Amino acid sequence: MFVAQHSARVDLFDELGLAALALYYAGPAVREVAKFLLPLIIMAVIYDFQRYWALSLRGTVHVAEPRAWELAWFGIGHGTNQLTPAQWCQLHVSPVLDGVTGIAYLGFIPLFLACVAWWRFREKRAEAVEVMWVMLALNLAAYLMYLIYPAAPPWYADHYGLGPALVSAAPEPGGGARFDALLGVSWFAHVYGRNANVFGAIPSLHVGQTFLAVLYAWRFRSLRTVTTGFWLLVTFSSVYLNHHYLVDGIAGMGFSLVAFLIAWAIRGRASSTTAVEQLRR
């Protein structure tokens, strides 16, 4: 099995490499697209490689603690019990919500890319390339956090309980299985069956990355309604589909804000340096 998985990974990297070379040598216009997509390609490779180091490098997996935080801060009364918002949502599902949230959750990267591509190629903002590199930095910081504080998603706690983590637990699509059943597809089963790290719940990159788009939309004064609406929908979807607690999403927003502010500071320092050099001339 390991050999087969390794072979599949090699095939993936070969395909990515060939695609990158084809884009780079296709001409100046297409080369700009390749440069634009480079952070995404790097992110995809490093994400996939998590399967090789997560088990040996990560700390103790936290299962009960994230749920305890969620209940303390966002618990919903249900009879004599307290439910997390994710648990409450599993009792109030509907086909319409399954469809809408499933599409939003699967489409968070394409919509993010569409927004950044609009800024870069439609509005001709050269600084939009920064958004892609900040997105990469956000993801890398999250991957590191998954090693420092590995946390179980709500679907895992519902399936396996709150005891010591079963580190060999297979990835599952959570509430996304309802979306697959609704449309007669296996999209969630396929995507989340290949999850490189089951215990990478805090921070939520779905929420964090869509929030990053909101931050840049307000900075660029463009696509504010689209990015804000989509961020709110993805945040709800992450809970409704039983993939994340609200605290995961808040952590994702925090990581996103820090990455945005660091980029802002670096940009400001670079601008100051350039201004000083111009004055000296």
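The values are calculated or read from the model by the stated rules, or taken from the named source; none is laboratory data. Owing to the predicted nature of the structure, the values given are computational and were not obtained by experimental measurement. Every residue, glycine as well, gets a Cβ built from its backbone with ideal geometry; the counts of neighbours run over all protein chains shown. Quick note on the areas: whole protein, heavy atoms, side chains included, nothing else; ligands and nucleic acids left out. Shrake-Rupley method; radii C 1.70, N 1.55, O 1.52, S 1.80 Å.
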Task: Structure-derived log10 I(q)/I(0) by the Debye sum over Cα atoms at q = 0.10, 0.12, 0.17 Å⁻¹: which label, when the choices are (i) -0.58, -0.83, -1.51; (ii) -0.81, -0.94, -1.30; (iii) -0.48, -0.71, -1.51 - done: (i)
Task: Dipole of the chain, positive direction: furthest Cα of Y105, L38, P95, with charges on the beta-carbon - done: L38
Open item on the list: I need the shape label for the stretch 49-88. Rule: rounded when a/c is under 1.5, else prolate if a/b > b/c, else oblate, with a, b, c from the alpha carbon gyration tensor.
Closed with: prolate
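What is the magnitude of the charge dipole of the stretch 111-249 about its Cα centre, with +1 placed on the Cβ of each Lys and Arg, -1 on the Cβ of each Asp and Glu, and no other charges, expressed in debye to the nearest 20?
On the way: 9 positive and 7 negative charges, 122 e Å.
Using Cβ point charges on Lys, Arg, Asp and Glu, the stretch 111-249 gives about 580 debye.
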TODO: State the Cα centre-to-centre distance between the stretch 163-240 and the stretch 101-162 in whole Å.
DONE: 8
Open item on the list: Per-residue counts of other Cβ atoms within 10 Å, averaged by peptide: what ranking do you get for 198-207, 259-268, 152-161, highest first?
Closed with: 198-207, 152-161, 259-268
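Below 8 Å, C-alpha to C-alpha, sequence gap of six or more: please give me the relative contact order for the chain in percent. Walk me through the intermediate numbers first.
Working: 333 pairs, mean separation 68.5, N = 281.
Relative contact order here is 24 percent.
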Task: Residue with peak Gaussian network fluctuation, the chain [Cα springs, cutoff 10 Å], from T101, T228, T80 - done: T80
Open item on the list: If DNA, RNA and ligands are ignored and the probe is 1.4 Å, what is the ranking of R120, R221 by accessible area, most exposed first?
Closed with: R221, R120
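Might you report the magnitude of the Cβ-based charge dipole of the chain about its Cα centre, with Lys and Arg at +1 and Asp and Glu at -1, to the nearest 20 debye? Intermediate values should be presented prior to the final figure.
Working: 19 positive and 16 negative charges, 226 e Å.
With only Lys, Arg, Asp and Glu charged at Cβ, the dipole is about 1080 debye.
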Open item on the list: So, for the stretch 203-266, what is the accessible surface per residue at a probe of 1.4 Å, expressed in square angstrom?
Closed with: 37
TODO: Select from L205, A189, L223 the residue farthest towards the positive end of the dipole of the stretch 149-224; place +1 on Cβ of Lys and Arg, -1 on Cβ of Asp and Glu, and compute about the Cα centre.
DONE: L223
